[in-house]
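**Q** Can you read through this structure? Questions will come right after.
The values are calculated or read from the model by the stated rules, or taken from the named source; none is laboratory data. The shown structure was predicted, so the numbers you read here are calculated from the model rather than taken from an experiment. A quick note on method: Cβ atoms are made from the backbone with ideal geometry, for glycine too, and the neighbour counts reach across all protein chains shown.
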């Protein structure tokens, strides 16, 4: 049977402009690689609804993915598209990450002002405890306020004389990277685990969809993101901890902080070839935890 005669694959996605943009890229990639058509099914998530509550309070990682995953598990959709940084480190029962799409720019950016351009005591808006901890380490004078909502609403909430923090990849996908005042170096401002990567899940027992998604799986990105996820899994935490990990070109950069004490730990580790890299990532997580104690 030719792919053109098969029914469209049903792709579950959040309804934000960024999520729809990412999902459209995935749908186009599947079509280009296999000729299979894809239709988008939009799902509302807890993270989209509860905009008045900080992410780390309502559950951190997982608040943007659980309802999308459920649509796949109950048969309303064949696959689900997520920002990889939103996925908990533990796999969801019955699902498998069948594709990690080639990573875009993983770095964070300031919108509104550069880091040096922020006056003493300026306000920076971000919902990420990691971003707050990293910025406070180099600029302890800064004040922080919560920032939630879709990209357009966040861009409308730049504090007077201050800035907001956004992912470069999110701005790129919407072709609004011209709003960036400064891109933050990823060796000092270590990105969130999986940042810049789009992950695609399907049912573990759906061999046909898994085979289709293998055509868009980027091998180098998969290895890097899975190493980062091994670091996070060893910590046993999600967005509630200020944690970052970024693997690239055989180097793993990590960040972990304690909000109560203000102590933060950064490291740069050379990764061996093969499966030992995952053991190195897990050992790095344990060492970071021990250093904070």
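**Q** Test each condition in (1) in contact with a helix residue (DSSP H, G or I) (Cβ under 7 Å, 6 or more places away or on another chain); (2) touching a residue at least 60 places away in the same chain (Cβ under 8 Å); (3) closer than 18 Å to residue 199 by Cβ for residue 242 and report the one that comes out false.
**A** Failed condition: (3).
**Q** Something else: Select from the range 154-169 the residues that are at pLDDT below 95 and within 20 Å of the chain's Cα centre (by Cα) and write down the one among them that is surrounded by the most Cβ atoms within 10 Å (Cβ to Cβ).
**A** Result: 154.
**Q** Further, regarding this structure: Looking for something touching a strand residue (DSSP E or B) at 6+ places or on another chain (Cβ under 7 Å), surrounded by fewer than 20 Cβ atoms within 10 Å (Cβ to Cβ), at pLDDT 95 or above and on the phi > 0 side of the Ramachandran plot - is there at least one such residue anywhere in the range 115-134?
**A** Yes, there is a match, as at least one residue in the range 115-134 is touching a strand residue (DSSP E or B) at 6+ places or on another chain (Cβ under 7 Å), surrounded by fewer than 20 Cβ atoms within 10 Å (Cβ to Cβ), at pLDDT 95 or above and on the phi > 0 side of the Ramachandran plot.
**Q** Now, a different point. Starting from residues that are within 25 Å of residue 254 (Cβ to Cβ) and out of contact with any helix residue (DSSP H, G or I) (no Cβ under 8 Å at 6 or more places or on another chain), keep the ones in the range 135-152 and report whichever is surrounded by the fewest Cβ atoms within 10 Å (Cβ to Cβ).
**A** 140
**Q** For the range 154-191, what are the residues that are over 21 Å from residue 20 (Cβ atoms) and either touching a helix residue (DSSP H, G or I) at 6+ places or on another chain (Cβ under 6 Å) or assigned to a strand (DSSP E or B) (or both)?
**A** 163, 164, 165, 180, 181, 182, 183, 189
**Q** Within the range 193-207, how many residues turn out to be within 18 Å of residue 232 (Cβ to Cβ) and not in a loop (DSSP other than H, G, I, E, B)?
**A** 3
**Q** Here's a follow-up. In the set 29, 19, 12, 33, which member is in contact (Cβ under 8 Å) with a residue 40 or more places away in the chain and more than 20 Å from residue 103 (Cα to Cα)?
**A** Exactly one residue qualifies, and that residue is 12.
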